[in-house]
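Quick notes on the structure that follows.
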Amino acid sequence: MSRTEKLSQIFKALGEETRLEIIKLLAQNGEVGCTQINHTFKLTKPALSHHYRILKESGLVLKRKEGQHFYLSLNRTILKKYLPGFLEYLNQT
C-alpha cells in the first residue's frame, strides 16, 4: 500500500465523529476495554463493532483479547509515522 493510500485510509477512519472520539479516549487513557467504550458511547454492539473494525483495518488501533474481554489501544507507531504531532494535539483537546 502506498503512503497516499494509507493516509487516505487513516483519514477515512478519522473522518467519522464516533471513531475520532474513540481515538481521543484511547489517547487520554491508554488501553481501554471494549465494554467501557460501549458504555461511554451508548451505541449498539453492531455499530461499535463496525467502528472498531474500521479503526483496526486502518492500523490506528490494536486489539488484544484477554479471556472473553477485548481491549483497544492506539497504534502509536502508525500515528507517529503518518500523523506526527497528532497525539500531542489530541492530548491538548
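The values are calculated or read from the model by the stated rules, or taken from the named source; none is laboratory data. Computed from a predicted model, the values in this text were never measured in an experiment. Glycine gets a Cβ as well: all are built from the backbone with ideal geometry, and neighbour counts include every protein chain shown. Note: areas computed on protein heavy atoms with side chains; ligands, DNA, RNA excluded. Shrake-Rupley method; radii C 1.70, N 1.55, O 1.52, S 1.80 Å.
At-a-glance table
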item: Within the accessible area of the chain (1.4 Å probe), percent carbon and sulfur; result: 52
item: Flagged links, alpha-carbon separation over 24 Å, of Lys6/Lys42; Lys6/Lys65; Lys12/Lys63; Lys42/Lys80; Lys45/Lys81; result: Lys6/Lys42; Lys6/Lys65; Lys42/Lys80; Lys45/Lys81
item: At R0 = 25 Å, FRET efficiency that the Cβ-Cβ distance of His39 and Arg76 yields, to 0.05; result: 0.50
item: For the chain: Kirkwood Rh in Å [reciprocal of mean 1/r, alpha carbons]; result: 13.5
item: With Cα atoms, 0 to 90° folded angle of helix 3-14 axis to the chain main axis; result: 40
item: Accessible surface, per residue, of the chain when the full set of protein chains is kept, probe 1.4 Å, Å²; result: 63
item: Tyr89-Lys6 pseudo-label distance in nm [points 7 Å out on the Cα-to-Cβ vector]; result: 1.8
item: Per-residue [θ]222 nm for the chain (sum of -39500 (n - 2.57) over DSSP H runs n ≥ 4, rounded to 500); result: -19500 deg cm²/dmol
item: Angle in degrees between helix 17-29 and the longest Cα principal axis of the chain, rounded to the nearest 10; result: 80
item: Helix 45-58 vs. the chain, principal-axis angle (Cα, 0 to 90°, nearest 10); result: 30
item: Most fluctuating residue given options Leu43, Leu14, Leu60, as computed from a GNM of the chain linking Cα atoms under 10 Å; result: Leu43
